[in-house]
Amino acid sequence: MSIISKDIQKAVALLTDAQLVAIPTETVYGLAGNIFSEKAIKSIFSTKKRPFFNPLIVHIPSITSLNDIVTHVPEKAKLLAAAFWPGSLTLVLKKSNKIPDLITAGKDTVAVRVPNHPVTLELLKQLPFPLAAPSANPFGSISPTKPTHVENYFKNDIQMVLDGGSCANGIESTIIGFENEEPIIYRLGALPIEDIEAVVGKVLVKNKKEESPDAPGMLARHYAPQTSTLLVTNVAGEVKKHSGKKVGVLVFTSSLNDENITEIILSKEGSLQEATARLYDAMHELDTKNLDIIIAERFSEFGLGKSINDRLQRATFK
Ligand code: TXA
Ligand code: MG
């Protein structure tokens, strides 16, 4: 029997009983548990095979819940939350002592966001506790953007995927921390830098592990298909080098018109929003085709193109 269900009351009951439920958000599906249940939080880490040094994001129903969770909100964090919540922005702020160390990997900060998905907002409103939720994929693999992606990963491990359809944005939230009250981007994501800078001015990006010990989850290899994957500017040229192999390509707008390859076009209209929303599903799909190699096209470093390149770079890192 499928574990995919639209029953919010069932999700409430399972979460209240310290069980895990995969929840829809506008970015990717999350593997959610009660932040105050040690049992639930430990099973998030063990189900994902995630190392304990990598902290979790806390999901709250609205900005009014923030005061219970953090002790200080910088002015620019207030501006960002007002502009983008509910939405694909995670803020890393000084944690209150109510937040268990297990959630934050012992750090004195906590990552928090208000997700923008009607089903999960309704769920969060009904629960008397916030939800910790990392992306609902095994550690290092492609994040899920459809209920079936989660079911394929975890049907033997969890009892329910709360069905909220396909994720509208399709990659993880943008993560922003603060150093001396100034915002720093720790992870590029579904909210483009340009939108953030329109609200708070120029922001620094520190999304490599070497640059930022404060962003422990920024691993060089991540979001990776099982199939060996390359990221290139000239896809047609790269395809020529692999004749005789089963090749899959992931391109932005235009077809290579080559019947010997498996091709996915991310957006025929050239929309970065559509390409982002389809990226992980396309990677999941190519990964099931038994290919020798996947060749992905590098995007222009503009808007969501930067976030897409970031994910493809990590997917192809060896
Ligand atoms: O879009 C999203 O953010 C999704 C949905 C489900 O909300 N969640 C998600 O969670 O992507 P996860 O666990 O896959 O990624 C969380 C990232 C990790 O890289 C982690 O290291 C970072 O957030 N993080 C969490 N707490 C942090 C903290 N206190 N300081 C710095 N980075 C933190
Ligand atoms: Mg993740």
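The values are calculated or read from the model by the stated rules, or taken from the named source; none is laboratory data. Treat the numbers as computed from the prediction; the structure is a model and nothing was measured. When we count neighbours, we look across all protein chains shown, and the Cβ atoms used for this are built from the backbone with ideal geometry, even at glycine.
So here's what we get for this one:
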{"read-out": "Residue within region 23-37 that is under 22 Å from the mean Cα position of the chain (by Cα), away from ligand 1 (no atom under 15 Å from the Cβ) and closer than 20 Å to K125 by Cβ present", "value": "yes"}
{"read-out": "Leading residue by the ranking (farthest from the chain's Cα centre (by Cα)) among those in region 95-111 that are within 16 Å of ligand 2 (Cβ to nearest atom) and either more than 22 Å from F45 (Cβ to Cβ) or not in a helix (DSSP H, G or I) (or both)", "value": "A105"}
{"read-out": "Sole residue being within 14 Å of ligand 1 (Cβ to nearest atom), under 21 Å from I63 (Cα atoms) and part of a helix (DSSP H, G or I), chosen from L123, L191", "value": "L123"}
{"read-out": "Within region 259-276, considering residues that are surrounded by 14 or more Cβ atoms within 10 Å (Cβ to Cβ) and assigned to a loop (DSSP other than H, G, I, E, B), the one farthest from ligand 2 (Cβ to nearest atom)", "value": "I261"}
{"read-out": "Residue check, S173 hydroxyl-bearing (S, T, Y) and within 16 Å of ligand 2 (Cβ to nearest atom)", "value": "yes"}
{"read-out": "Residue tally, condition surrounded by fewer than 18 Cβ atoms within 10 Å (Cβ to Cβ), out of contact with any Lys or Arg (no Cβ under 7 Å at 6 or more places or on another chain) and either among the hydroxyl-bearing types (S, T, Y) or part of a strand (DSSP E or B) (or both), over region 153-181", "value": "1"}
{"read-out": "Options V114, V110, V161, V200: the member that is over 22 Å from R311 (Cα atoms), within 12 Å of ligand 1 (Cβ to nearest atom), of a type in the set (A, V, I, L, M) and touching a helix residue (DSSP H, G or I) at 6+ places or on another chain (Cβ under 6 Å)", "value": "V110"}
{"read-out": "Some residue of region 43-54 being at positive phi, touching a residue at least 12 places away in the same chain (Cβ under 8 Å) and either in the same structural domain as Q126 (by TED's automatic domain parsing) or part of a loop (DSSP other than H, G, I, E, B) (or both)", "value": "yes"}
